[in-house]
Ligand code: RM4
Ligand code: MN
């Protein structure tokens, strides 16, 4: 194996979300699991385990207010002691009663001011934690035709985004996330990548689009979106997860590892591994254990990336230029069908890690320790 391939895999960093470690569920039931963190400090300790065993998950995304603490500088210092750093700050303007008719696009200016104040508070938290990335997802939209003025809501959105943009400091950026529906069912104010892209384009280089892989209609070609946004310098990052139906938030690479490979190939093709693209997970482990769920997800992204890096680009270009449809397809499939697990095991061994992170975690005794220690108190959840 070439040293370039290994260097690229070593440089791949996958960010895990604090909310993956807490209890989550569906609107029918949230099942409590043993050993689940009771506060953001314990979530960071769990995330540090994922990094300790995989070696490629050095940052953790926070969600505010789920991860509200009195002193964010202290939380960031705690993360550093555990060997991890604070990644993206995720804003939350979807769980307050005031937001029933929207947050930044609400017809009531007082609600819009409240939502904007929260977004600006998230930038303060970036300053305090050293985070460079703000993630914006708006549940805003309408349920019935005529409910509100579609165009006016875009004006309100643009106004809020430009206020947040103006507040960003040196080296900070925001990522605007789109989602086709849910919780709004008639119109969504940021329903697709085109809407997110248009708003970001107007604002400038500190505004980029984030692609949550679960936020598309069935059948949408996500790798096309990725290729397009990368070409325009507007792909800020991913929220990785997988879906069978809608926004399922299952483990990335579980539903469709081939799609993940095709996405990662476009990233590799565009030099996106070294272009500041954030590779984040946005998942909820409802029935599976959480820390192993994150470890498995990180490994799935690594495997897809390794396969994407294995694509023989020269052979592919030659087949494409010669109009060799089946030959070109075979080049991609050869890479996809390669078993990269031995290569990744070797890479881990070279880094002083156990070759199988799942087994190493199971053997570590960490789960038994947290299950015994974390009794009493309120387990963290996703706040719904
Ligand atoms: C949303 C969106 C956001 C995530 C929340 C929990 O659907 O994907 O990225 O923060 O869910
Ligand atoms: Mn997301």
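The values are calculated or read from the model by the stated rules, or taken from the named source; none is laboratory data. For clarity, every value in this text was computed on a predicted model and none was experimentally measured. Here Cβ is always computed from backbone atoms with ideal geometry, including for glycine, and neighbour counts include all displayed protein chains.
Worth pointing out:
- Contacts under 8 angstrom Cβ, first residue in the stretch 268-289 being assigned to a strand (DSSP E or B), partner away from ligand 1 (no atom under 16 Å from the Cβ), 6 or more apart: 279/12; 279/13; 279/301; 281/298; 281/301
- Single unsatisfied condition, residue 256 versus (1) in contact with a strand residue (DSSP E or B) (Cβ under 7 Å, 6 or more places away or on another chain); (2) within 16 Å of ligand 1 (Cβ to nearest atom): (2)
- Considering only residues in the stretch 122-178 that are within 15 Å of ligand 1 (Cβ to nearest atom) and part of a loop (DSSP other than H, G, I, E, B), the one that is farthest from residue 79 (Cα to Cα) turns out to be 140.
- Boolean, residue 304 is surrounded by fewer than 18 Cβ atoms within 10 Å (Cβ to Cβ), in contact (Cβ under 8 Å) with a residue 40 or more places away in the chain and more than 14 Å from ligand 2 (Cβ to nearest atom): no
- Taking the stretch 1-26 as the range and being under 22 Å from residue 340 (Cα atoms) and either in a strand (DSSP E or B) or within 16 Å of ligand 1 (Cβ to nearest atom) (or both) as the test, the residues that pass are 14, 15.
- Flag for residue 168 being under 29 Å from residue 60 (Cα atoms), within 16 Å of ligand 2 (Cβ to nearest atom) and either at pLDDT below 95 or touching a helix residue (DSSP H, G or I) at 6+ places or on another chain (Cβ under 9 Å) (or both): no
- Matching residues, the stretch 27-64, being part of a loop (DSSP other than H, G, I, E, B) and under 19 Å from the mean Cα position of the chain (by Cα): 55, 56, 57, 58, 64
- Failed condition for residue 245, given (1) under 27 Å from residue 381 (Cβ atoms); (2) within 16 Å of the chain's Cα centre (by Cα); (3) within 16 Å of ligand 1 (Cβ to nearest atom): (2)
- Residue list for the stretch 116-127, filter: out of contact with any strand residue (DSSP E or B) (no Cβ under 8 Å at 6 or more places or on another chain) and either farther than 12 Å from residue 169 by Cα or surrounded by 19 or more Cβ atoms within 10 Å (Cβ to Cβ) (or both): 116, 117, 118, 121
- In the stretch 255-262 there is at least one residue matching the filter, namely being within 16 Å of ligand 2 (Cβ to nearest atom) and within 15 Å of the chain's Cα centre (by Cα).
- Among the residues making up the stretch 271-284, a single one is crowded, with 17+ Cβ neighbours inside 10 Å and out of contact with any strand residue (DSSP E or B) (no Cβ under 8 Å at 6 or more places or on another chain): 273.
- For residue 99: the one exception among (1) within 16 Å of ligand 1 (Cβ to nearest atom); (2) more than 19 Å from residue 155 (Cβ to Cβ); (3) assigned to a helix (DSSP H, G or I): (2)
- Of all residues in the stretch 122-141, those that are under 13 Å from residue 67 (Cβ atoms) and touching a residue at least 24 places away in the same chain (Cβ under 8 Å) have Cβ atoms under 8 Å from Cβ atoms of residues that are within 16 Å of ligand 1 (Cβ to nearest atom) and in a helix (DSSP H, G or I), 6 or more apart or on another chain, in 131/125.
- Failed item, numbered, when residue 11 is tested on (1) closer than 30 Å to residue 265 by Cβ; (2) surrounded by fewer than 22 Cβ atoms within 10 Å (Cβ to Cβ); (3) within 16 Å of ligand 2 (Cβ to nearest atom): (3)
To keep it simple, each residue is scored yes or no on (1) surrounded by fewer than 17 Cβ atoms within 10 Å (Cβ to Cβ); (2) modelled with pLDDT of 95 or more; (3) away from ligand 2 (no atom under 16 Å from the Cβ); (4) within 22 Å of the chain's Cα centre (by Cα).
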{"position": "147", "(1), (2), (3), (4)": "yes, yes, yes, no"}
{"position": "150", "(1), (2), (3), (4)": "yes, yes, yes, no"}
{"position": "185", "(1), (2), (3), (4)": "yes, yes, yes, no"}
{"position": "203", "(1), (2), (3), (4)": "no, yes, yes, no"}
{"position": "216", "(1), (2), (3), (4)": "no, yes, no, yes"}
{"position": "223", "(1), (2), (3), (4)": "no, yes, yes, yes"}
{"position": "226", "(1), (2), (3), (4)": "no, yes, no, yes"}
{"position": "239", "(1), (2), (3), (4)": "no, yes, no, yes"}
